[in-house]
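Heads up, the thing below is written out as structure tokens.
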Amino acid sequence: MKITKLVSTLALITVLFASCSSESVVLPKGDYETGFLISGEGSSAGTGSVSFVSNDFDLVENLIYKKVNLNELGSFLQSIAFDDDKAFIVVDNQNTITVVDRYTFEKRGEITTNLFTPRYMAVSGNKGYVTNWGSASDATDDFIAVVNLDSNMVERMIPVGNGPERIIENNGKLYVSHKGASTTNNIVSVIDIASEVVQEVIVKDNPDELFFNNQGQLVVLSSGRTIYDANWNVTGNTLGSISMIDVASLAVSNELVFASGEHPSLMVLENDTIYYNIGNNVYAINDTATSLSNTSIIEAEGYFYGIEVQGDALFTLNANFSDVSVLNVYSIETKAKTQSKEVAVGASKIYFN
Amino acid sequence: MKRQLLFIFLGIVTNTICSQNVSTGTILKEVVVVADQRIAENSTGYKIRTLKDSILLKNTESFTALLRFNAPIYFKEYGAGGTSTASFRGTSASNTAVIWNGININSINSGQTGFNSLTVSLFDQIDIRSGGGSIEYGSGAIGGTIHLSDALVYRPKKTIQNQFVASVGSFSTYRGLYKFKMSSENFSLKIGFSYNQSENDYKLLGTRFKNTNGAYHNSNTTVTFGYRTSLFSQLKLYSTNYKGTRFFSGELPNPKAANDKYKDINQRNLLVYTHEKDNISQELKFGFLTQEYQYFGDKDSDNFNFGRTKRYLSNYSIAYRLPEWHSTITSYSEYESVFGKTDGIVEKNRRQFSQSFEYQQRVQNLFSFDIKVRKDLNSDFKVPVSLALGVQSKKINHVSFRANGSKNYRVPTFNDLYWPGQGNQNLIPETAMQGEFGVVFKKNKMNIDVSVFYIDAKNKIVWIPNGDSERPGVWTPMNLANTENRGIELASNYTEVFGHHAVTANVNYAYTIAKDKRTNTFLMFVPKHLLNSSFAYRFKQVGLFYQQLFTGKTFTTASNSKDFIISSFFVANIGGDYSIIQNKNQKVSIGFKVNNVFNENYVTQPRRPMPNRNFNLNINYKF
């Protein structure tokens, strides 16, 4: 998230810069330059797809990849990663990463070999690092695929623990949350890119979203999980948490633990505020907070499946897997809903382009 | 006799509209007995389309393909040979019941029958009955029922018949079946064996890919045995074993990613004792059925998910005829105990007792009617009373009228109730009220049946996220949707013989408007128009046929978004055969078939193209 944030900030600066010096000739980079992208996982009802929404919300264009390339992405579109001018669309059931121009969405290439249920990708230099679950029936074959972005070939595979999910790069190291694929896990892997040495930090169960806060700590959201007996009656819960990890010592320096039975699934950082959810309620805390919030700032609608924040605007996705989903935007200050737009089937992620 | 032979030789389009008598094949004074008496005897006012074994043997690709070209049912198939579900009169997949020798065999786990998870070429006859049938067949008989029948034949003279059919086709497809039939006056035995295998790696039209990971192989054995223990009584045994392995093919744009495998292992046994004397008929049935699937998320791994069910059932019926009243009253009592488990659900037991009564009456020579009522007592939930009424008028000037109305149900499946962490034990059965009115025209060689139908379904089970406020974000099944289906069905056939030439034509058309009542949008995966037809021509030893299917566009989203539709398609097959030897003791014919002769690029599920033009050669040897 941090990377897309940085990129989006840069893009925004570029836009501002461009608009300030409107006299000079700055060619638009493509139809999808001044807005944000929403990826939808897709389902049997409709392909995984990307929607474009202009910054002023006047223009909403669904299925932009299909429109430009006359082809569908398939299911399930898990995530998108970016470098300066390309977007890497990760579709897990297809074992495919489709490379497009991030502003025109014209296809530039694809990676279809040596991926096995790919989930997320981080970009550093001319390398991409992709988390892969491997076989559905093997918890020990999970890996990070190292992709040469010049050739679009997987160069190496770094074995890691079960169910690697989100991945970010920072200072020559990769940080990977292990949500546990179809089972469960409770680690964050720290991989030194040069040596490929993998270290593990234990957090609460099912870690997913992660980013660096302004203090340079790694912030990880763990959902915790529900425990069932043989008859699938709920017999208990493991706890969820927002864990802050000191990356020098790899110690969890601060852990904000949720109440039993609360299972947050979404978290995002904007400036110095962390936004997270419990069910449909959105909460906000400072990124150095030592306790969780008791006051929901906004209640999202429907099947709350994706979140982003930009300034005062809180973006929430009400995902629908048998139909188009809905993007609802709220003003954090007034709590009013300012926008509502129909977007991709199974919409899950928002990226400021 | 001639007509019968014609059917066998033309071998494609023998449609019996409104057949009230399945065992019409009484040439040579033979007696044909089927286990599913009720389809023949208790269908007053219903439309039945019968597919004889000659048609089954010409459409051996799959159960799906057979019905797609011969019945007014829409099939959604995840690539040829993959998961396949039916929509009959616009109803959902669990609302079409498949009946094996009188027993509903829809899966207890999913409520459906996978139309590529069994093969049907060994059956003697398949009947397709449009309309509700929960009274006779229980849960899921809402859109219609599909009846798979093994027939037992008794002949005055002892006869032995062997039939061997083999074919080879595109995509490394090999099929073979062998049927052995022995009949005498009091004894009948049928043994059948079939084996099919295919690489199924057809070209995905418009792409550089083939259908990857789509191979399948399966084998099926059936034994059917009948013995007349006395003039009045008979003992029958039906047994079948099926084992199939399929790989699940991938979808575009990268079908090579597919890596899963699926196994079906089914076994069905049924013992029937019947006694008919004077005006009383009695029947006692015992059934034992097992069904198992194994799903391998990774075909190279030994780990799999599974579902396993065992079903014990017993059924007693007694019918009393009142000849002076032209009426019959019948009582059916059934007890069933089902044990089901999956890798995620510990074994559950569902018990059900059902009692139904039927009253049949003929009024003068004007019309006849059925009144039926059924009550189920189920260990898991309350099942509403089912009711049905059917009326059939006498033919006047070649025209007759028929009508039926019924209340039917579909019970929640084990998956709905117990799916790990997501099941909902507060579900109630879906119910559907339905009605139908039809006009039948029947003259010599021409049959036409036109009907209008209406289905009003309530409490349809839908899986949604956040359905249960106690489980936020979790997908759970809820009794949510109310739907209304209306439509028109047309079925017609025509046969003409001049000299050595014979022509048969057959047309099925269904117009369906199926809507969600709350949103007033069309239901997903229901085409408004569906038309299939076939034409056959025979001259002496040479036969030719042509069959075609048109399916209208379907929406794939609940809101009917124009961005997500499956386009209409038109697909056609041609074929022919030549009789090399044809005499009293043996018949040998060779045949060919070209499927998708116009090489149409079509899908029934997005990103999963169906097979391109493909060829098949077959030999049929009967002795």
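The values are calculated or read from the model by the stated rules, or taken from the named source; none is laboratory data. Bear in mind that the values here come from a model prediction, so they are computed numbers and not experimental data. Cβ placement follows ideal geometry from the backbone for every residue including glycine, while neighbour counts extend to all protein chains displayed. Keep in mind that these areas ignore ligands, DNA and RNA; they rest on the heavy atoms of the full protein, side chains included. Shrake-Rupley method; radii C 1.70, N 1.55, O 1.52, S 1.80 Å.
With viscosity set to 0.692 mPa s and temperature to 37 °C, compute the Stokes-Einstein D of segment A:197-353, Rh being the Kirkwood radius across alpha carbon pairs; µm²/s, no decimals.
Rounded, D is 198 µm²/s.
In debye, nearest 20, what is the charge dipole magnitude of segment B:149-278 about its Cα centre with +1 on Lys and Arg Cβ and -1 on Asp and Glu Cβ, if you could check?
Working: 19 positive and 9 negative charges, 54 e Å.
Roughly 260 debye for segment B:149-278.
If I take all pairs of Cα atoms in the protein assembly as shown, what percentage of them are more than 51 Å from each other?
On the way: 127633 of 475800 pairs.
For the protein assembly as shown, the fraction of Cα-Cα distances above 51 Å is 27 percent.
Can you tell me the Rg and the Dmax, both Å, for the Cα atoms in segment A:38-149?
14.2, 48
Can you return the aspartates and glutamates within cross-link range of B:Lys158? Criterion is Cα-Cα under 13 Å, with same-chain partners fewer than 8 residues away left out.
B:Glu30, B:Glu185
Which entries in B:Lys443/B:Lys622; B:Lys76/B:Lys181; B:Lys310/B:Lys375; B:Lys52/B:Lys593; B:Lys210/B:Lys263 show an alpha-carbon gap greater than 30 Å? Could you put the intermediate results ahead of the total?
Values: B:Lys443/B:Lys622 33 Å; B:Lys76/B:Lys181 36 Å; B:Lys310/B:Lys375 23 Å; B:Lys52/B:Lys593 18 Å; B:Lys210/B:Lys263 22 Å.
Cα-Cα > 30 Å for B:Lys443/B:Lys622; B:Lys76/B:Lys181; rest within.
Run the reach check for A:Lys335 against aspartates and glutamates, Cα to Cα strictly under 12 Å, same-chain hits fewer than 8 apart removed. What comes back?
Excluding near neighbours in sequence, the set is A:Glu299, A:Asp312.
Based only on the alpha carbon positions, what is the Kirkwood hydrodynamic radius of segment B:487-623, in angstrom? Each step should come with its number before you reach the end.
Numbers: mean 1/r = 0.0566 Å⁻¹.
One decimal place: 17.7 Å for the Kirkwood radius.
Give me the percent of the accessible area of segment A:242-281 that comes from carbon and sulfur atoms, probe 1.4 Å, all protein chains in place.
Details: 620 of 1420 Å².
Exposed carbon and sulfur together represent 43 percent of the surface.
For chain B, divide the Cα radius of gyration by the Kirkwood radius and give the resulting Rg/Rh value with two decimals.
Values: Rg = 23.6 Å, Rh = 25.1 Å.
Rounded to two decimals, Rg/Rh equals 0.94.
Taking each pair of different alpha-carbon atoms in segment B:493-535 once, compute 1/r for the pair, average those values, and report the inverse of that mean as the Kirkwood hydrodynamic radius in Å to one decimal. Before the final figure, lay out each step's value.
On the way: mean 1/r = 0.0760 Å⁻¹.
Hydrodynamic radius (Kirkwood, Cα pairs) of segment B:493-535 is 13.2 Å.
Once Rh for segment B:123-164 is found with the Kirkwood sum over Cα pairs, what is the Stokes-Einstein diffusion coefficient at 37 °C and 0.692 mPa s, in µm²/s?
Values: Rh = 12.8 Å.
Translational diffusion coefficient: 256 µm²/s.
Output the direction-averaged projected area (hull surface divided by four) of the convex hull of the alpha-carbon atoms of segment B:300-348, in nm². Each step should come with its number before you reach the end.
Numbers: hull surface 23.7 nm².
Here the figure is 5.9 nm², rounded to one decimal.
How about segment B:307-361: which chymotrypsin sites (Phe, Trp or Tyr not before Pro) there lie in a loop by DSSP and see at most 15 other Cβ atoms within 10 Å?
Numbers: sites: B:Tyr312, B:Tyr316, B:Tyr320, B:Trp325, B:Tyr332, B:Tyr335, B:Phe339, B:Phe353, B:Phe357, B:Tyr359; in loops: none.
Listed in order of number, the matching sites amount to none.
Compactness ratio of segment B:30-175: Cα Rg over 2.2 N^0.38 Å, N = residue count? Could you put the intermediate results ahead of the total?
Values: Rg = 15.9 Å, N = 146, 2.2 N^0.38 = 14.6 Å.
Ratio of Cα Rg to 2.2 N^0.38 Å: 1.09.
Rank B:Gly473, B:Met433, B:Ser567 by how far each Cα sits towards the positive end of the charge dipole of chain B (+1 on Lys, Arg Cβ; -1 on Asp, Glu Cβ) and give me just the farthest.
B:Ser567
Could you compute how much accessible area chains B and A hide from each other, both sides summed, with a 1.4 Å probe? Nearest 100 Å² is fine. Write out the running numbers ahead of the final one.
Numbers: alone 26310 and 14980 Å², together 38760 Å².
The B and A chains share an interface burying roughly 2500 Å².
Which value, to two decimals, describes the C-alpha radius of gyration of segment B:439-507 once divided by 2.2 N^0.38 Å?
Details: Rg = 23.5 Å, N = 69, 2.2 N^0.38 = 11.0 Å.
Expressed relative to 2.2 N^0.38 Å, the Cα Rg reads 2.14.
If you average over every viewing direction, what projected area does the convex hull of the Cα atoms of segment B:357-405 give, in nm²?
Working: hull surface 15.8 nm².
The orientation-averaged projected area of the Cα hull of segment B:357-405 comes to 4.0 nm².
Rolling a 1.4 Å sphere over the protein heavy atoms, what is the accessible area per residue of the protein assembly as shown, to the nearest Å²?
Numbers: 38760 Å² over 976 residues.
It amounts to 40 Å² per residue over the protein assembly as shown.
For segment B:32-622, give the magnitude of the charge dipole about the Cα centre (Cβ charges: +1 Lys/Arg, -1 Asp/Glu; no others), in debye to the nearest 20.
Values: 70 positive and 45 negative charges, 256 e Å.
That gives a dipole near 1220 debye.
May I ask you to give the percent of accessible area on segment B:32-622 that is carbon plus sulfur, with a probe radius of 1.4 Å?
Result for segment B:32-622: 58 percent of the exposed heavy-atom area is carbon or sulfur.
Please work out the Cα convex hull volume for segment A:102-191 and give it in Å³ per residue. It would help to have the intermediate numbers written out before the result.
Details: hull volume 9.2 nm³, N = 90.
Cα convex hull per residue, to the nearest whole number: 102 Å³.
Once the Cα gyration tensor of chain A is found, what semi-axes does its equivalent ellipsoid get, as square roots of 5 times the eigenvalues, in whole Å, sorted largest first? Present the calculation step by step, with values, prior to reporting the outcome.
On the way: eigenvalues 167, 124, 89 Å².
Output for chain A: semi-axes of 29, 25, 21 Å.
Using a Debye calculation, one point per C-alpha and no hydration shell, please list log10 I(q)/I(0) for segment B:181-283 at q = 0.11, 0.23, 0.25 Å⁻¹ in order.
-0.57, -1.11, -1.19
Per residue in segment A:81-121, which ones lose no less than 40 Å² of accessible surface when going from chain alone to all protein chains (1.4 Å probe)?
Residues losing area: A:Gln94.
Between A:Gly172, A:Gly224, A:Gly40, where does the largest GNM mean-square fluctuation fall for chain A, given springs only between Cα atoms within less than 10 Å?
A:Gly172
Roughly how many debye, to the nearest 20, is the charge dipole of segment B:185-234 about its Cα centre, given +1 on each Lys and Arg Cβ, -1 on each Asp and Glu Cβ, and no other charges?
Numbers: 5 positive and 3 negative charges, 36 e Å.
Computed charge dipole of segment B:185-234: roughly 180 debye.
What GluC sites (Glu not before Pro) in segment B:407-501 are in a loop by DSSP, with at most 11 other Cβ atoms within 10 Å of the Cβ?
Details: sites: B:Glu430, B:Glu436, B:Glu470, B:Glu484, B:Glu489, B:Glu496; in loops: B:Glu470.
When the GluC sites (Glu not before Pro) of segment B:407-501 are filtered for loop state and at most 11 Cβ neighbours within 10 Å, B:Glu470 remain.
Go through segment B:575-623 and flag every residue whose accessible area shrinks by 30 Å² or more with all protein chains in place compared to the isolated chain (probe 1.4 Å).
Going by heavy-atom accessible area, the residues of segment B:575-623 that drop by at least 30 Å² are B:Arg607.
When averaged across all projection directions, what area in nm² does the alpha-carbon convex hull of segment A:34-95 cover?
On the way: hull surface 18.1 nm².
Hull-based average projected area comes out at 4.5 nm².
Remind me, what semi-axes does segment B:269-317 give for its equivalent ellipsoid, largest first in whole Å, using sqrt of 5 times each Cα gyration tensor eigenvalue?
Values: eigenvalues 350, 12, 7 Å².
Working through the eigenvalues yields semi-axes of 42, 8, 6 Å.
Which of the aspartates and glutamates could a cross-linker span from A:Lys173 if the Cα-Cα distance has to be under 15 Å and same-chain partners fewer than 8 positions apart are dropped?
By straight Cα distance, A:Lys173 reaches A:Asp192, A:Glu196, A:Glu200, A:Asp246.
Loop-only GluC sites (Glu not before Pro) in segment A:185-277, please: DSSP not H, G, I, E or B, and at most 15 other Cβ atoms within 10 Å.
In loop regions of segment A:185-277 (DSSP not H, G, I, E or B), the sparsely surrounded GluC sites (Glu not before Pro) are A:Glu196.
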